[in-house]
């Protein structure tokens, strides 16, 4: 398990499948996290994807839990790819709607950056976000991502086409800003986390 600030990330287990199935069939949740609210994934497909992920560690999926209550809040994913010998983590996350607007998106994104750069030594992280998800854009930019491009009219949602925005951050950009960013996002919990990430 990986703990940072108010959250804990742990591997998704088979007993979590019903919860994942519920989230991935939630119309408004998928509207923002997938850019295709008409999702409707059957349980069989959820289990099949889980089984494939267990065989291949290039897709790391985590369940997000609240540290104090232990309640499941959503999922976070790092898809590891290598293009031209550059190791890249494509990150994504979604939160149960009960936990929206609490500033948790920044903490989860920070957690994925820590795992990617501080623990897995990836070279860069990427994220895609649909045009209307302005909250996600702000979270990514707060965490040091830069908007690098636009996939024009790449999604059709609610009767019209929308752009996908591409964001990325390099390890060489993240590491010098790491401590300041952690303190900015975690506040009074930053020292606790920083202490746990140092070799005794």
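Taken together, the values in this text are just the output of simple stated rules run on the coordinates, not laboratory data. Small disclaimer: the values here were computed from a predicted structure and weren't measured. Quick reminder, even Gly has a Cβ in these numbers, built from the backbone with ideal geometry, and neighbours come from all protein chains shown.
Structure data summary
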| read-out | value |
| --- | --- |
| Chain lengthening between residue 44 and residue 98 when straightened (0.36 nm per residue, less Cα-Cα) | 16.8 nm |
| Paramagnetic reach from residue 132 (point 7 Å along Cα→Cβ, amide N under 20 Å) across the range 139-162 | 139-140, 150-162 |
| Choice from 41, 130, 91 showing the highest fluctuation, given a GNM over the chain with Cα pairs closer than 10 Å | 41 |
| Helical mean residue ellipticity (222 nm; -39500 (n - 2.57) per DSSP H run of 4+; nearest 500) of the chain | -10000 deg cm²/dmol |
| Alpha carbon convex hull of the chain, projected area averaged over orientations, nm² | 12.0 |
| Share of Cα-Cα pairs in the range 100-164 lying beyond 16 Å, as whole percent | 53 |
| When the convex hull of its Cα atoms is projected in every direction, mean area for the range 50-119 (nm²) | 5.8 |
| Of all DSSP beta bridges in the range 2-196, antiparallel share, percent nearest 5 | 95 |
| Additional length obtainable on full extension of the chain from residue 161 to residue 56, 0.36 nm per residue less Cα span | 34.4 nm |
| For the range 114-200: span of alpha carbons on each principal axis (Å, largest first) | 55, 27, 16 |
| Peptide ranges 97-109, 13-25 listed from the most packed, as the mean C-beta count within 10 angstrom indicates | 97-109, 13-25 |
| The range 1-51: C-alpha gyration tensor shape, a/c 1.5 cut-off, then a/b vs b/c | oblate |
